[in-house]
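The values are calculated or read from the model by the stated rules, or taken from the named source; none is laboratory data. Given the structure is predicted, the values throughout are model-derived calculations rather than measurements. Methodologically, a virtual Cβ is constructed for each residue, glycine included, from the backbone with ideal geometry; neighbour enumeration extends over all protein chains shown.
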Amino acid sequence: MSDPSSPSDDPIAERGPVRAPELDGAAAWLNVDVPLTLADLRGKVVLLDFWTYGCINCLHQLPGLRELLEAYADELVVIGVHAPKFPNERETGNLRRVIERYAITHPVASDPDYRIWRAYTVRAWPTLVLIDPAGYLVAGVSGEGHLPQFDRAIRAVIQVFDERGELDRSRRLGSSGAATGSALGPLAYPGGLACDSLRDRLYIADTSHHQVLVATTDGAQVGRLGSGRPSAVDGDAGECGFVRPQGLAVQPSDGLVFVADTGNHLIRAADPEGGAVTTIAGTGAQARPGDRGGGVDSTALSSPWDVCPVGRLLLIAMAGVHQLWVLDVGRGLVFALAGSGMEARQDGDLDDSAFAQPSGLTGSEGAVFVADSESNVIRRVELPPRNRVHTLAGGDLFEFGDQLGVGDEARFQHPLGVAWFQGRLFVADTYNHRIKWVDPGSGEVGLVAGSGRLGHKDGDAEHACFHEPSGLSAGAGRLYVADTNNHAVRVVDLASGRVETLIAP
């Protein structure tokens, strides 16, 4: 497998004395004024983070890398080496947006041709490599969950080179890291959204503003949930906090709003009248693979990306552990429902099936549809009594593209969102910048809207342009689209296919 994701208690592999290869071949350097070389970094401890921005396990490491930089601000240089999995991730502009979206301040080398990757014989995302101040390899490991061990290794290297008088504490590298702010407009990288036609409300995950924007179904902004300060605080609409919320859903019976608070590893609920927000599942810690669930107050979650009410239950796309979980609020339990935790495309019984970063959910009678983003497929999960997982259409972990067709002949590129409306299934084919439909019976895939060229252009279905659309919801004959990199909400008229901008940047 070329994308291991499970943390391990195994010791990191020590290396040396081997000279670390130079950082040659980057197509671009971001967050620094000039390309970096290891020769120029003599005297600094260097930590290379090989990543790709669609990989949830890579994103999990960002907070820990930030903590290491704060702890060793004068001695450590972290360099992200972005080696893209998908063609869309090769674009420097898209990478620049991700750096802004996640407030990444350390230098990043864009390595679309894998020249640095190959020089370091990397095999998987994410991979960490530690280099000492003399330019020699110290340690390397693949997978997430190893940062505490690297913390100890960095501390030991600093002690040794401090005693030798060979540390350089005279300079720091990286950008100022200004947070994504209001300069982008009312929305900053919106993720999921949820339409409540009965109550004339549209809820939008204003992801990089750490809020939920509340609007009418015609786009008039009527309020916000969240102070805008990243936190996990419960309370009134203006006092509570989120961290990069993604998926949203509305309970049809009473309008209760469920929020996948992805950055906090929590599930939240918001009162549609007063806007008060409460935590209904999660501890705030990130779950480890293998955890199976328990009480809502004592069970950790891992990057919940979307939510979907099914009767009295709430299904959760638990992207961080490649599973579907279920929340039973009445019984106070949250537990794994489908997926072994292995990262793969595998159909079958719920326990034997496998997902790869499930990111979008939508429900119909007796079934839930899943945008399984890293597998580049759309899945159908049959609920009890059938309890089966079946792939409707798409490729596999490394079989992706932009192709209409039936079943395995069709191709997606990192789809993030799905919506079910009046017997039709819609898909946000995120990295192809298109909206597609899938026939839930035959698995046939067709085009709803989008030229496939990234951009922001309204108009007829075939010529309209999106930029990494991620969230979908439908109501009153319209399909609402969270057009993430355009910082906008778009609507597709389902009768004509025409695309309009509802909330502009």
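Before moving on, here are some points about what is shown:
- Test: A419 is assigned to a loop (DSSP other than H, G, I, E, B) and either surrounded by fewer than 19 Cβ atoms within 10 Å (Cβ to Cβ) or modelled with pLDDT of 95 or more (or both): no
- All of G452, G446, G471 fail the test of being closer than 19 Å to Q403 by Cβ and assigned to a strand (DSSP E or B), apart from G446.
- Restricting attention to the range 5-24, the residues that are modelled with pLDDT under 95, buried (at least 17 other Cβ atoms within 10 Å of the Cβ) and under 29 Å from T92 (Cα atoms) total 1.
- Condition met for H390 (at positive phi and of a type outside the set (K, R)): no
- Residues of the range 242-264 satisfying the condition of being crowded, with 24+ Cβ neighbours inside 10 Å and either within 12 Å of the chain's Cα centre (by Cα) or at pLDDT below 95 (or both): P245, Q246, G247, A260, D261, T262
- Where R172 falls short, out of the listed (1) part of a loop (DSSP other than H, G, I, E, B); (2) assigned by TED's automatic domain parsing to the domain that holds P63; (3) surrounded by fewer than 17 Cβ atoms within 10 Å (Cβ to Cβ): (2)
- H487 closer than 22 Å to C195 by Cα, in contact (Cβ under 8 Å) with a residue 60 or more places away in the chain and assigned by TED's automatic domain parsing to the domain that holds A194: yes
- Enumeration of residues in the range 292-321 that are buried (at least 18 other Cβ atoms within 10 Å of the Cβ) and of a type in the set (D, E): D306
- Failed condition for G192, given (1) surrounded by fewer than 17 Cβ atoms within 10 Å (Cβ to Cβ); (2) modelled with pLDDT of 95 or more: (1)
- If you filter the range 175-189 down to residues that are hydroxyl-bearing (S, T, Y) and assigned to a loop (DSSP other than H, G, I, E, B), you find that the one that is modelled with the highest pLDDT is Y189.
- Residue in the range 484-493 that is touching a helix residue (DSSP H, G or I) at 6+ places or on another chain (Cβ under 6 Å), more than 19 Å from Q413 (Cβ to Cβ) and not in a strand (DSSP E or B) present: yes
- Close Cβ contacts (under 6 Å, 6 or more residues apart or on different chains) running from residues in the range 85-101 that are within 17 Å of T207 (Cβ to Cβ) to residues that are among the hydrophobic types (A, V, I, L, M, F, W, C) and in a helix (DSSP H, G or I) are absent.
- Listed conditions (1) surrounded by 19 or more Cβ atoms within 10 Å (Cβ to Cβ); (2) in a helix (DSSP H, G or I) are all met by L48, apart from (2).
- Where helices (runs of 4 or more DSSP H) sit wholly within the range 52-167, none has at least 3 residues that are acidic (D, E) and surrounded by 22 or more Cβ atoms within 10 Å (Cβ to Cβ).
- Candidate set from the range 339-381 (those that are of a type in the set (D, E, K, R), within 18 Å of the chain's Cα centre (by Cα) and closer than 21 Å to L404 by Cα); member that is surrounded by the most Cβ atoms within 10 Å (Cβ to Cβ): D372
- Scanning the range 390-407 for residues that are in contact with a strand residue (DSSP E or B) (Cβ under 6 Å, 6 or more places away or on another chain) and farther than 15 Å from D429 by Cβ turns up H390, T391, V406, G407.
- Restricting attention to the range 340-378, the residues being among the polar types (S, T, N, Q) and at positive phi number 2.
- Look at (1) in contact with a Gly (Cβ under 8 Å, 6 or more places away or on another chain); (2) closer than 23 Å to R244 by Cβ; (3) surrounded by fewer than 24 Cβ atoms within 10 Å (Cβ to Cβ) and you find that H456 fails only one, number (1).
- Meeting the requirement of 2 or more residues that are among the β-branched types (V, I, T), the strands (runs of 3 or more DSSP E) wholly within the range 231-346 are 257-261, 277-281, 304-310.
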